[in-house]
Structure formats: C-alpha cells, structure tokens
Amino acid sequence: MQRWYQLALAGGRDASEIQPPGTVQQPTLPPPLEELCGNMSLHESLPDLRHGNFSCTKIAHYNIYVRMCIAKCHVGYQTDDAGLLFCNRGRWAPIQPEVVSTLVGVGRAADTMPNTDPRALQYLGIPDEIYADVALNILVKLDQVPNLSVVKSYLDMISLDNIIDFDMMRQMLIWVGPDVEEKIANLDFLDVLSHLETFGASRRPVCRTVDCGRGFENLAHGRVNSSTTTYMSEARVVCERGYLPRHPVLTCTASGQWDKPALCDPGRALFM
C-alpha cells in the first residue's frame, strides 16, 4: 500500500474518494436541461406541413439544450419566411435565422457555447455568421450593455457589409471590457431566445407552390405565351417578324426562376 494512500486513510478520508497525488478534480456538470413541446414526441407536436417536413436539431449552451426545427418544402414548393421554430416553454415559437446565428456567434466569441457545433447551424440551413445590426439589437433588447453608443461604434468599425468576423467579435468583447463578456457568459440561453422571439415570422409555416411570375411581359420585339407560371410550367417565346427567340421554350424551375432568359434577337437574312 503506497504511503500517500495510507496517509489519506489515517486522516479519515473515505477510501472511494482518495485520488493519487496530482489528480485534478473535475467539476460536476449540472444535468442537461431541455424542454419538450407536446405531450408525446416532438415531431407529433409540430404544426402540420403539407408538401414538406421539419428538420430538427439541438442548439446547446452548457447544459441547456434548445430544440430547433426548420421547415423544408418538397421540390417545387417554398415557404414565405424562413420557417424556423424553437421549443419555448412547451410551445413552438418562430425566430429569425439571423438572430440565432448572431446569438450563437457572440456566445462562441465569449467562450460560453462549448457544446454548440457550427454544423448544427448548417443542418438548419442557417449561415454561420455574426450580423452587426442584429448583434446591436440583441444587446439593446436584453439591456445588457451600459454604454451602447460605444458598442455601436465598435460594431461599425469591425463589420464589413454588416458581417462581423468571429475573431474581431472576440476582440471587441475584450475592448469593451470584462463586464459585457461576463454578462454574456451568464445569460440564460432559453430566456434570451424567449426575449428575441420574432412575432413577425409565422408560427405555422406553409409550403406554397413555386411561381416564377410573369417578369417577361415587357419583352422587346415579342411576347411570351404561358397559361401558368408555376413549377415545371413551360412558356413559349414568340418574336416579331425579323427577330428570332434565343430560347424558344422556357421552364419554371424549383428556385422560382425561369431556366433561360426571354429574348428576341435580330434574325439573320436567309438570302444575300
């Protein structure tokens, strides 16, 4: 029996708690917290989505796990908004993707979101970006920063086309001071999302048939004939005498755009 073990026993230590010298005691992590939406499975509690389905994953802040789902429509259908929902105290609430990506980005810059993998954002179709205007609005709404004018000046300095580089965001938190970083570190992630819930977005996303529209109505030297403009519809280009259609047939694609431009080019003379 080694001497350090004998000394620990002699000192009245419990044998099951004795560790070799130099062992660092790991902190006990609190149990994971996640709220459920609905009485049964999460998917059954989501709104009905005809012509589509929801893809779900979890965004984590330490031991707090928030379930997020995004509406994904079948080919030929699209939603009017992002269709992003999160489980907020037993109910599904809408939120803008830019708000989530910025909140996660600021949290990662402050080293407060060790459990969140950027791939979770990709799975939800959310760009892994920090938006300057959204970051300021978050801080304003949460009333977490004492001198917003200084923060706004910093955000304007470090942003390019409203996007803030991750390392620059981390540097800004250092510039502003430890108080802001500490407040961000101690935010209740679910409570923050609740404050930022976007009421302008739909709580019940709808997948509508893609419509390419009639943007070719003012076609020079011709017209486009089409009875419908929805997904997979075809339109025929008819040109005036002396002009030829560059593409005789146009098809409405799943992106909501016609696959080719409607143009009438001057025709070549058949005889010299």
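The values are calculated or read from the model by the stated rules, or taken from the named source; none is laboratory data. Remember, predicted model here, so these are calculated numbers, not experimental data. With ideal geometry, Cβ positions are generated from the backbone for all residues, glycine too; neighbour counts draw on all protein chains shown.
For the stretch 60-82, residues that are within 18 Å of the chain's Cα centre (by Cα) and either at pLDDT 85 or above or among the polar types (S, T, N, Q) (or both) total 10. Just to be sure before I move on: is ARG108 on the phi > 0 side of the Ramachandran plot and at pLDDT below 85 in the structure I sent? So ARG108 fails the test.
Considering the stretch 201-229, and only residues there that are of a type outside the set (D, E, K, R) and in contact (Cβ under 8 Å) with a residue 60 or more places away in the chain, the residue that is nearest to ILE70 (Cα to Cα) turns out to be PRO205. Within the stretch 245-272, the residues that satisfy the criterion of being farther than 25 Å from THR79 by Cβ, touching a residue at least 24 places away in the same chain (Cβ under 8 Å) and either assigned by TED's automatic domain parsing to the domain that holds HIS74 or hydrophobic (A, V, I, L, M, F, W, C) (or both) are ALA262, LEU263, CYS264. The condition (being surrounded by 13 or more Cβ atoms within 10 Å (Cβ to Cβ), within 30 Å of VAL99 (Cβ to Cβ) and modelled with pLDDT of 90 or more) is satisfied by just one residue among CYS207, CYS239: CYS207. Inside the stretch 136-162, residues that are exposed (fewer than 14 other Cβ atoms within 10 Å of the Cβ) and modelled with pLDDT of 85 or more make up a count of 5.
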